[in-house]
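Have a look at this one before I ask anything.
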Amino acid sequence: MALNPSASEANFLRLQQNEDWYEASLDWIAAYLGMAFENPAAEEVSRWTLSCLPATNGSARLFTLNIGPMEVLHLERPTLWADDTRTWRLSIYVSRSAFEQEMGRPIASLTEEFPGWRFVPSALASGDGDAVVIVVDLLDDTATARFDRVPESTVPVKKLADDLSAKGKGPYEQYHNKWFAAAALEWIERNAAAEGVG
């Protein structure tokens, strides 16, 4: 059986050719996995999978990270629009109930405080109605400046990851890119060592 392109070394090497895209991808994947799992390396494939340059949405994504049966993080390629503006959209899935508890108010009331952010309740059945997608344009300085208003707690990601992990192994192993996963795990170890954690 032929290897799916998103699981191939060729796709991984293609992404590596753009240093900005590659490093931004690793930063976000490492951050999410670090919040979701105490030992991400031990949970690879059994709990999480990572595709590289998947064909999803007309090949708009640089990667998709899945936990169990649901996608939880993806970064799109930067888009140039007809009016010469650019966007670079990151989508992060968290537990809505945990996020609202952390913020001390409902999602609906956060829009004005977080200009440039979109809070979209996930329609994916795997989220059991408690997943929300936070979409942020990484090229929007006003939007990215609001990252410092979000508590550093891992709970909103961890709760969703635990809920999804309880559903068992997802159907995405055929799309899992082992080269990209190894790079992400190495990125986590390197950053932990630099911070004196490892």
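The values are calculated or read from the model by the stated rules, or taken from the named source; none is laboratory data. Because the structure is a prediction, the values reported are computed rather than measured. Cβ atoms come from the backbone with ideal geometry, glycine included; neighbour counts cover every protein chain shown. Heads up: the accessible areas ignore ligands, DNA and RNA and are worked out on the full protein's heavy atoms, side chains in. Shrake-Rupley method; radii C 1.70, N 1.55, O 1.52, S 1.80 Å.
For the stretch 121-134, name all the residues that are surrounded by 18 or more Cβ atoms within 10 Å (Cβ to Cβ) and either under 17 Å from R105 (Cα atoms) or at pLDDT 95 or above (or both).
Once the filter is applied, which keeps residues that are surrounded by 18 or more Cβ atoms within 10 Å (Cβ to Cβ) and either under 17 Å from R105 (Cα atoms) or at pLDDT 95 or above (or both), the stretch 121-134 yields A131, V132, V133, I134.
It is to be established whether one or more residues within the stretch 139-152 are open to solvent by 70 Å² or more (accessible area, probe 1.4 Å), part of a helix (DSSP H, G or I), over 25 Å from W21 (Cβ atoms) and in contact (Cβ under 8 Å) with a residue 12 or more places away in the chain.
Looking for residues that are open to solvent by 70 Å² or more (accessible area, probe 1.4 Å), part of a helix (DSSP H, G or I), over 25 Å from W21 (Cβ atoms) and in contact (Cβ under 8 Å) with a residue 12 or more places away in the chain, one finds at least one in the stretch 139-152, hence yes.
When you go through D20, D27 one by one, which is the residue that is free of Cβ contacts under 8 Å to residues at least 60 places away in the same chain and either closer than 28 Å to A123 by Cβ or open to solvent by 50 Å² or more (accessible area, probe 1.4 Å) (or both)? Step through it out loud before you land on a result.
Values: D27 fails: free of Cβ contacts under 8 Å to residues at least 60 places away in the same chain.
Of D20, D27, the one residue that is free of Cβ contacts under 8 Å to residues at least 60 places away in the same chain and either closer than 28 Å to A123 by Cβ or open to solvent by 50 Å² or more (accessible area, probe 1.4 Å) (or both) is D20.
Please specify each residue of the stretch 57-76 satisfying the condition of being in a helix (DSSP H, G or I) and touching a Phe, Trp or Tyr at 6+ places or on another chain (Cβ under 9 Å).
none
Would you mind telling me which numbered condition in (1) under 19 Å from S8 (Cβ atoms); (2) at pLDDT below 95 L80 fails?
For L80, the failing item is (1).
Moving on. Considering the stretch 10-56 alone, what residues qualify as being closer than 18 Å to Q174 by Cα, of a type in the set (S, T, N, Q) and part of a helix (DSSP H, G or I)?
Result: N11, T56.
Just the residues that are in contact (Cβ under 8 Å) with a residue 24 or more places away in the chain and open to solvent by 40 Å² or more (accessible area, probe 1.4 Å), please, taken from the stretch 44-59.
E44, S46, R47, A55
Which residues, counting only those in the stretch 80-116, are among the aliphatic types (A, V, I, L, M) and either assigned to a helix (DSSP H, G or I) or open to solvent by 20 Å² or more (accessible area, probe 1.4 Å) (or both)?
L80, A82, I92, A98, M103, I107, A108
Further question: Consider the stretch 142-182. How many of its residues are among the acidic types (D, E) and farther than 30 Å from N11 by Cα?
Of the residues in the stretch 142-182, the ones among the acidic types (D, E) are 148, 152, 162-163, 173.
Pick out the ones that are also farther than 30 Å from N11 by Cα and you get 148, 152, 163.
Final tally of qualifying residues: 3.
List, please: which pairs have Cβ atoms under 7 Å, are six or more places apart or on different chains, and start with a residue in the stretch 70-98 that is closer than 12 Å to I29 by Cα and end with one that is open to solvent by 40 Å² or more (accessible area, probe 1.4 Å) and aromatic (F, W, Y)?
Listed pairs, sorted by first residue: L73/W28; L75/W28; L90/W28.
Quickly run through the stretch 118-138 and pick out the residues that are closer than 30 Å to L3 by Cα and either in contact with a Pro (Cβ under 7 Å, 6 or more places away or on another chain) or part of a helix (DSSP H, G or I) (or both).
A125, S126, G127
Conditions (1) closer than 25 Å to E195 by Cα; (2) hydrophobic (A, V, I, L, M, F, W, C); (3) free of Cβ contacts under 8 Å to residues at least 12 places away in the same chain, marked per residue:
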| position | (1), (2), (3) |
| --- | --- |
| A2 | no, yes, yes |
| A7 | no, yes, no |
| A10 | no, yes, yes |
| L15 | no, yes, no |
| A41 | yes, yes, no |
| R61 | no, no, no |
| G68 | no, no, no |
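Something else now. What is the residue count in the stretch 153-198 for residues that are among the β-branched types (V, I, T), part of a helix (DSSP H, G or I) and open to solvent by 60 Å² or more (accessible area, probe 1.4 Å)?
Final tally of qualifying residues: 1.
When you scan the stretch 19-47, how many residues do you find that are of a type in the set (F, W, Y) and within 12 Å of L75 (Cα to Cα)? Before you say what the answer is, go through the steps one by one.
Within the stretch 19-47, the first condition is being of a type in the set (F, W, Y), and the residues that meet it are 21-22, 28, 32, 37.
When the remaining residues are screened for being within 12 Å of L75 (Cα to Cα), the result is 21-22, 28.
Total satisfying the criteria: 3.
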